[in-house]
Each structure stands twice: as C-alpha cells, then as structure tokens.
Amino acid sequence: MTLGRYITESLAHKEIGDVLGNAGVKFRNPKEGSGGFKVSTFLRFRIELTSRELRNLETLNSAILLPMPGFNGLRVLSFESRRAKEIAQLISNHGGVPVVAPSTREVPAGPNDEEMKLIRGILDQQFDAVIFMTGVGARALVEAAEAVCPRQEFLTALARTRVVVRGPKPAAAMREFNVPVALTVPEPNTWREIVQALDANQQTVPLKGQRIAVQEHGEPSPQLYDVLRERGAEVFPARVYRWELPEDTGPLKAAILALANGEIDLVMFTSSVQFVHAARVAGEIGLADKFTTLLNRSVVVSIGPIASETLRKNSINVDFEPSHPKMGFLVKEAAENSAALLKKKSGVVASL
C-alpha cells in the first residue's frame, strides 16, 4: 500500500498524501523491522523511508514538516440542510472533519389565501412588481400556480410583470422560466440592499403609488415592508413555504451534544434559521442555558450579515465572515484563516 493512498484515505491530509505518493513512498509497519528510517510527523503515525525514498523527498521537507493549509484536521460543525452533502465535501476538501447536522426543512405553505391572492394577482396584472427573495420560493410559487392555471399561462403573466430578484438563486430560477428580470439585488442580498437597489433604479421599478408583492423567504421581512411603505408603496407579502425542524432531529441532537463535550472546533452558520432551530433543539435536551456559552467557546463563522445579526442578537460572538456571502467562499476562507481564528479564540476563552 502506498503511503500516498494511506494518507489520502484521511481526507484531511489529501494534499500531502498526493505529494508523498507521487514521490513513490511506500507505507510499511515499523513493527516489521524493515531497517528503514523511522520518521514521526505531525500526522500522528509513523512511517519508514528507505535511503532511496529519503533522497526522493529531499525537496519535499517543507511538505512533511510544515502544518498543512486549511482546517488541518479541525472538526467543523455545519447545520446546513438542503446542501448538506456539498458543504461536507467542501469541508473535507479543505482539510476538515465535517460534522453536518441538518437543522431545517423547507415545507410548502400549501394552499393559503396569501399564496392564492399572489398567484391570481400576477395572472390579473394587479401587481406593479414582484420581489422574489429565494429560488426555492420562486419555484414553489410556480408549482402552486399549476393548481390554478396551466404553467405557461402563469409564466407568461409573470413575464409581463416587473421582477426583482434578491441575488443569484431567484435569478437562476427566472432564467429557467424564461422570465425577464428588471432588477437584480447585489450582495450581500439583505433587505438593505433591496432598498438601496430600488432607490437607485426608481425609473425601472418605481415605488410610490405602486403595488409591490414580496415572496417571503420562509419568514417575514418586516423591516423591508416598513421601508417600502415609507416610499409610498402598497406592500403585499406572501409566504409560499415555511421553515420547520427536520423530521429526524437525532443528528442535530448528537451534534449539539458533541459541541457540549468539546468535540467541535468550529461552527458554521449559513442562515439565521439554523441558529434558531439549533437553539430550540438544545432546549429540548436540557442545554438551553448553556448553548450560547458552548458556541462562544468554539470558533463561530457566519455566511453573512443576516445570519450574523441573528447570532449577535443572541449574544453569540461571530469570529469570521467571508468576503462574499456564498458557501464556497465561507468554507475556503474559514479554512485559510482557521489557525489564526482558533489561536485567537483560545486566548479569549482562557481569559474568561
């Protein structure tokens, strides 16, 4: 068995495994007494190198002796649900040990007055603009509309309405539907950016005296509604799906217990509802009073302003936000900064 393959099987050490494997190093059990050179490395196991292999590795000393970039074996907890497999792979690719505990499921709101009024309002051209907050919500609305009219009839009516999208996911949904977008809200895609984009494009999407529909993203956005009304708009919010706990909360409970037992080094939040649901489950297992303290003893990283605002309102210290509010940036940049973040957090915890 090559050493490269041996180490590669530990996802946290794939990079060095590839390097050593390419150098032709073989793994041998030191107990077998092959007469090679015994070398202990930061990887916490022993390898033996023959003289020839040692010469092959002369130019690779730095790869052996220096800590690997990225998470370097840190245990990373994520509460991601819909993209759980993706974030687990990203964490592994960046040298971490993923602990992924889905905390949320998106449940269609089902036939309700708000949703039906929104669908019929779009069909009858009653709205001057529709703001789509999420791709999931946009697709759920189109599916719900099929109970009222043929799919293409609804999409044709929607295409005649000014459409505002809060970022790339609802924009992608509109491309799938072949529905033109009047305005795309830039990062970090909070309600503040929505207002700023509308203020800067009043000729494209006017507000005063206009009827503006808003597809909610699992929960209301009261700050957005208040500001739109201040601008003279009549606001019609509609919930097409809601967030609930997963049907099986076992993995979530296990992850919170792992956090309580000091088995987690870094915690990632990719939405505010993840904290709300995790805190709720922590209460169910008797850790309501300790949950904030447990999080503050770990490195906490947040995908962006909305999640960070919720965490801070609940007395959680946010240690890091990525340069862009996207999952890939979150994992990559958290991995690159993990050593410094952990060192800083260790100093803070020690002073408590």
Query raised in the report: Do we find a residue being crowded, with 16+ Cβ neighbours inside 10 Å, under 30 Å from Thr249 (Cβ atoms) and either aliphatic (A, V, I, L, M) or at pLDDT below 95 (or both) anywhere in the stretch 193-215?
Result: no
Query raised in the report: Across the stretch 223-258, which residue is surrounded by the fewest Cβ atoms within 10 Å (Cβ to Cβ) among those that are in a helix (DSSP H, G or I) and acidic (Asp, Glu)?
Result: Glu230
Query raised in the report: Going by the conditions given, is Ser346 of a type in the set (Ser, Thr, Tyr), assigned by TED's automatic domain parsing to the domain that holds Asn93 and in contact with a strand residue (DSSP E or B) (Cβ under 8 Å, 6 or more places away or on another chain)?
Result: no
Report summary line: the stretch 70-125: strands (runs of 3 or more DSSP E) wholly inside it with 3 or more residues that are modelled with pLDDT of 95 or more and over 11 Å from the mean Cα position of the chain (by Cα) are 75-78, 97-100
Requested in this report: Please report, ordered by residue number, the helices (runs of 4 or more DSSP H) entirely within the stretch 262-352 with at least 3 residues that are of a type in the set (Val, Ile, Thr).
Outcome: 272-284, 327-351
Report summary line: Checked the stretch 123-139 for anything surrounded by 21 or more Cβ atoms within 10 Å (Cβ to Cβ) and of a type in the set (A, V, I, L, M); matches are Ala129, Val130, Ile131, Met133, Ala138
**Report entry** Qualifying residues in the stretch 328-343 (those that are out of contact with any strand residue (DSSP E or B) (no Cβ under 9 Å at 6 or more places or on another chain) and in contact (Cβ under 8 Å) with a residue 40 or more places away in the chain) - the one farthest from Glu263 (Cα to Cα)
**Finding:** Gly328
Query - Filter result for the condition that a residue is touching a residue at least 40 places away in the same chain (Cβ under 8 Å) and either buried (at least 18 other Cβ atoms within 10 Å of the Cβ) or not hydroxyl-bearing (Ser, Thr, Tyr) (or both), over Ala171, Ala159, Ala144 - result: Ala144
Report task. Could you tell me which residue of the stretch 259-286 is surrounded by the most Cβ atoms within 10 Å (Cβ to Cβ), considering only residues that are among the small types (Gly, Ala, Ser) and under 20 Å from the mean Cα position of the chain (by Cα)? Result -> Ala278
Query raised in the report: Pairs, please: C-beta under 7 Å, at least 6 apart or cross-chain, first residue touching a residue at least 40 places away in the same chain (Cβ under 8 Å) and in the stretch 303-319, second surrounded by fewer than 20 Cβ atoms within 10 Å (Cβ to Cβ) and part of a helix (DSSP H, G or I)?
Result: Ile316/Thr292; Ile316/Asn296
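The values are calculated or read from the model by the stated rules, or taken from the named source; none is laboratory data. Quick caveat: nothing in here was measured; it's all calculated off a predicted structure. In this analysis, Cβ positions are derived from the backbone assuming ideal geometry, glycine residues included, and neighbour counts consider all displayed protein chains.
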